[in-house]
Amino acid sequence: MFSHCLCGLRPVVPTQAGMCLLMADIEPLKPSNTGWLIADVVTDSFAFGWARTEVDPRLLVLLADPQWQPYVVFPAEFVTPERVLTALLPNNAAAGQAPKRPLFVLLDATWAEAGKMFRKSPYLNQFPVLSLHPEQLSTYRLRRSSRTDHFCTSEVGALCLALAGEPHAAEVLATYLEVFTHHYLQAKNQQPLDLEDAAHQRLRNLCAPPSDNRAL
């Protein structure tokens, strides 16, 4: 339904952090996919299809780019302890070199698919695994999970941005997800949008340019 399109509400936020989405099979085609919300918001976002038997050479170039410090975002319970981090590495740049920017590698898939992707992607083995431990539970309502500690891709992206010291971008992405959820459910149920609800108002406020109160 074009009347429920989200395109005109797209917020773009410059960030130091980058996002790298590895997308399973038909995941990008699912209407409930939230990975594309990250690509809308975060300026430096990259997306690649995942395959078991081959890897996109552009992905390898990105992961080897010296401006980035990749972090594979995945639960610690499935990873050897020596690879696991719960915070970003200290950014101790060598003399004359710019500090490395965090690049969060997100496995955009169902949990079963993500586990297979993690195990069968040896090119990711050299990078630390960032394990998130948020205090809140997921509020994602478009798919069901058997576990309350599972988060959708967009929620994971917002948590990563907050961990990287970018709370504004994190809040924009989280609010954009709320707005998307409203549009999706209203379209699915053939109901009109409420463009003045709390989520839409919050998104407008977050994206509004700062007022200039300087005297002329």
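Key figures
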read-out	value
Close pairs (6 angstrom Cβ cut-off, 6 or more residues apart or separate chains): farther than 14 Å from residue 22 by Cβ in the stretch 33-62, in a strand (DSSP E or B) and open to solvent by less than 60 Å² (accessible area, probe 1.4 Å) anywhere	41/13; 42/19; 44/18
Checking residue 114 against (1) within 19 Å of residue 153 (Cα to Cα); (2) open to solvent by 20 Å² or more (accessible area, probe 1.4 Å); (3) of a type in the set (Gly, Ala, Ser), the condition it does not meet	(2)
Test: residue in the stretch 83-96 that is touching a Ser or Thr at 6+ places or on another chain (Cβ under 9 Å) and within 21 Å of residue 166 (Cβ to Cβ)	yes
Only one of 60, 29, 37 that is in contact with a Phe, Trp or Tyr (Cβ under 7 Å, 6 or more places away or on another chain) and surrounded by fewer than 13 Cβ atoms within 10 Å (Cβ to Cβ)	60
Search result, residues across the stretch 194-216 that are at pLDDT 90 or above, more than 10 Å from residue 179 (Cα to Cα) and among the aliphatic types (A, V, I, L, M)	206
Selection from the stretch 126-143 of residues that are touching a Lys or Arg at 6+ places or on another chain (Cβ under 8 Å) and either of a type in the set (Asp, Glu) or at pLDDT below 95 (or both)	none
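The values are calculated or read from the model by the stated rules, or taken from the named source; none is laboratory data. Nothing here was measured: the structure is a model prediction, and the numbers come from that model. Here the Cβ is made from the backbone with ideal geometry for all residues, glycine too, and neighbour counts use every protein chain on show. Calculation scope for accessible area: heavy atoms of the full protein, side chains included, ligands and nucleic acids excluded. Shrake-Rupley method; radii C 1.70, N 1.55, O 1.52, S 1.80 Å.
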